[in-house]
Amino acid sequence: MPRFRQIFFLTEKYNSAPFVHPTMTWSNQEWWPNLLPVDILDDNAAQLNPYGEDFDYAEEFESLDLEAVKSDLEDLMRDSQDWWPADYGHYGPLFIRMAWHSAGTYRTSDGRAGASGGLQRLPPESSWPDNVNLDKARRLLQPIKQKYGRKLSWADLLELAGNVALESMGFETVGFAGGREDEYKSNEAVEWGPETEWETTSPERYEDGKVGNLKDPLANTVMGLIYVNPEGPYGEPDTEGSAKNIREEFDRMAMDDEETAALIAGGHTFGKVHGADDETEVGPEPEAAPLEEQGLGWQHDFERAGMITSGIEGPWTDAPTQWDMGYLENLLTYEWEPHKGPGGAWQWRPASEEEREAITNAPHAQEFDESEEPMMLTTDVALKHDDDYREILERFYENPDEFREAFARAWYKLIHRDMGPPERYLGPDVPDEVMIWQDPVPDADYEIVGEDEIAELESLILESDLSRSQLVKTAWASASTYRDSDKRGGANGARIRLEPQRSWEANEPEELETVLETYEGIQAEFNGSGDEGVRVSLADLIVLGGNVAIERAAADAGYDVDVPFEPGRTDATADQTDVKSFDVLKPKADGFRNYLGGDYDDLYDTLEERMVDKADLLNLTVPEMTVLVGGMRALGATYGDTDRGVLTDDPGTLTNDFFVNLLDMDYEWEPVDEDEEVFEIRDRETGDVEWEATRFDLIFGAHSRLRATADVYAADDGEEEFVEDFVDAWSKVMTLDRFDLE
């Protein structure tokens, strides 16, 4: 199924049927649901930013008066509007929820979603059931966005508003960094899950259909919710199952138990949830709302029934707009029992009449002369009933300063996790401390190599025993860990020589050991013999080795090319590398190296889908993906040095033979087994097996758009363009993480 299908489905809760414009025609993807969706790579080539190609958001943000923005936000917090009145006269809790729900979609498995891009204002996030009424929060911010225009993205504004909201209610944050550029189109590469209805959970969401073992790349447990169902798994008040889901989901957000407990306890110190009653009819979500609503959704008569969001009703504490210990005190002091609240949803109240009389009520959110009894969600009570979470909460309760510090650091991580390395962080409020989760690399404390030194290093590499295949594969393995989704990975840091990357199967550890030992020898010889101030890092040496191999392979094919090389990478240490955090970058398969892997229990159906997904994370276009695969095959840079996909009699030479032979009708293809992952290529006339290839290879002949691209490179006059395009695409991958060059 198309991975973006969820956008078009609505539940009966809001509409009885999907909206279809009467003149709309079906797309190719709808006519042929199994068609490989390579169009997701088009966004990597398109100019979607209305400010134009020369727009430099970093430069604009650096000229922003951030203190003025924060002052405007402070004023907005207490300026209640009649069209959407502020709870307790303060919009702070609403903006915290907005910021949290924008950042909280991030998942470690593919680095997608999260705060970057301001995707909450685009479908499907804009219309998720979990984001009910956050459209109002963004409309409240509209005047501030208009005032500062291009200097302040929506992506930054949403998170800054949450930060200022916390500070306006008495909490001291760690700081704030700008630098999130806006997206202007939904990210259709994101796989949200297998369900076709909102607020549902199917067995297909889990490996082996078992709750608590989400399939990659998912993190949320319910379609259309950010995290887990607040009522409990499948809408039942099951605290044990809820704790299990919380732990897995937050782990996939890169949060450990302490960070998880701090975030939930700190976030629920503020505000309330809205259920009102179960009789009120709520209008359609923004993407299905009538034209005259101008993108506002979930309309209802809040004057009669109160604001409706989750269906659960009530505050957590008696002081919902100030930082205090009220949440922990209530959760840990009282025993809680489940009951159906006024909105018809499961929520929790003090278990006895005596406790319900003893607990301090909060003022009503709108009618300040009335009061409301605090409540808890199943997800709150689950923390109390889980031994590990409870131990953390009790420690926080006994040590308020520790709780404050833990929440501040976890919140900072939550809203910045998808921004990448610290050099991308902008603004005067960026803290001096660099966190381990930011994947730091050291600054160079030596002089970077110049042209003469680079020439000397190239000679040393060529004089070594390393093959072209080894040089290319090592450079690719190092650089291709990069993910444009969260700006993690890449060649800078040379983490391929550290765990966990050094032991990944795709990196062929035994061969990699030989390559790294050779590079370390070259590094030692160079650094020990030349100018004392000039040094070369292994990170630079690995990339340079790949470039040298490509230049020689092109020369053997008759082309004089210069593969661009930008020195300046440094080598990270083991202390700067969180092994668990980096393990999520481990490739299950790699179409570029023709590595099939085998651990495929995820939501991608085919090898070729995984290749396109990888290409998207590398920010590649369709031609770039195509030419890289063809070039890697020509160079013989395949996993295990197999001949799979190496459709040439002259491997190691940068020819267009891969495309020529792939499209040649003198050959036919035949799967070698039922898996249909590996194929034999036979001469039609003799029946002799000429080559072996995989689905990664065949897709460039079977898919009409990919074949159209391959046609260009297979032509008699296409080889030179192929070589030039390969060099450009290769250089792009090698420098994807060089934010210092921007």
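Annotations
- Once the C-beta distance of Asn527 and Ala288 is scaled by a Förster radius of 51 Å, the resulting FRET efficiency is 0.20 to the nearest 0.05.
- Cβ crowding within 10 Å averaged over residues, with 150-161, 282-293, 130-141 ranked highest first: 150-161, 130-141, 282-293
- Spin-label zone in the stretch 24-55 - amide nitrogen under 15 Å from a point set 7 Å from the Cα of Arg150 along the C-beta vector: 48-55
- Cβ-placed point charges (K, R +1; D, E -1), dipole of the stretch 96-215 about Cα centre in debye, nearest 20: 620 debye
- Residues whose amide H falls under 5 Å from that of Thr309, counting only those 5 or more places apart or on a different chain, are His274, Gly275, with hydrogens built in the peptide plane.
- Segments 698-706, 239-247 sorted - mean Cβ within 10 Å per residue, highest first: 239-247, 698-706
- Gain in span if fully extended, Gln299 to Glu204, counting 0.36 nm per residue against the direct Cα distance: 30.9 nm
- Among (1) 50, 25, 24; (2) 51, 33, 23; (3) 49, 30, 24, the entry that matches semi-axes √(5λ) of the Cα gyration tensor in Å as calculated here: (3)
- For Val678, distant residues with modelled amide H under 5 Å away: Val672, Asp673
- Cα gyration tensor category, rounded, prolate or oblate, for the stretch 543-639 with a/c compared to 1.5: oblate
- Less than 5 angstrom separates the built amide H of Ser371 from those of His364, all sequence-distant by 5 or more or on a different chain.
- Between 0 and 90°, nearest 10: helix 719-734 axis offset from the chain longest Cα axis: 40 degrees
- Highest-first arrangement of 569-576, 191-198, 534-541, where packing means the average Cβ count within 10 Å: 534-541, 191-198, 569-576
- Computed from the C-beta positions of Ser63 and Asp324 and an R0 of 45 Å, the FRET efficiency is 0.75 to the nearest 0.05.
- Three-way shape label, the stretch 436-538, alpha-carbon gyration tensor, a/c 1.5: oblate
- When the charge dipole of the stretch 584-719 is built from unit charges on Cβ atoms (+1 for Lys and Arg, -1 for Asp and Glu) and taken about the Cα centre, the candidate among Asn656, Met611, Ala708 whose Cα reaches farthest toward its positive end is Met611.
- Normalising the average separation of contacting C-alpha pairs (under 8 angstrom, six or more residues apart) by the number of residues puts the relative contact order of the stretch 666-722 at 20 percent.
- Rounded, prolate or oblate (a/c below 1.5 giving rounded, otherwise prolate when a/b exceeds b/c) for the stretch 642-685 by Cα gyration tensor: oblate
- Inter-label distance, nm, simple model (7 Å from Cα along the C-beta direction), Glu30/Glu367: 4.7 nm
- Only the Cβ atoms of Lys and Arg (+1) and of Asp and Glu (-1) were treated as charged; on that basis the dipole of the stretch 397-507 about its Cα centre amounts to roughly 760 debye.
- Cβ-placed point charges (K, R +1; D, E -1), dipole of the chain about Cα centre in debye, nearest 20: 1800 debye
- Crossing angle, helix 400-416 versus the chain [Cα axis fit, 0-90 degrees, rounded to tens]: 50 degrees
- Residue among Ser102, Leu296, Ala46 farthest towards the positive dipole end of the chain, charges placed on Cβ: Leu296
- Just so you know, the Rg over Rh for the stretch 403-451 is 1.11, from Cα atoms, with Rh as the Kirkwood radius.
- On Cα atoms only, tilt of 239-251 relative to the major axis of the chain in degrees: 40 degrees
- Translational diffusion coefficient of the stretch 602-713 (Stokes-Einstein, Kirkwood radius from Cα pairs, 4 °C, 1.567 mPa s): 90 µm²/s.
- When shorter helices are ignored and each DSSP H run of at least 4 residues is given -39500 (n - 2.57), the per-residue value for the chain at 222 nm works out to -11000 deg cm²/dmol.
Just so you know, all these numbers are worked out from the coordinates, no wet-lab data involved. Predicted model, so just to flag it, every value in this text is computed and none were measured. FYI the Cβ positions are ideal-geometry reconstructions off the backbone, even for glycines, and counts take in every protein chain you see.
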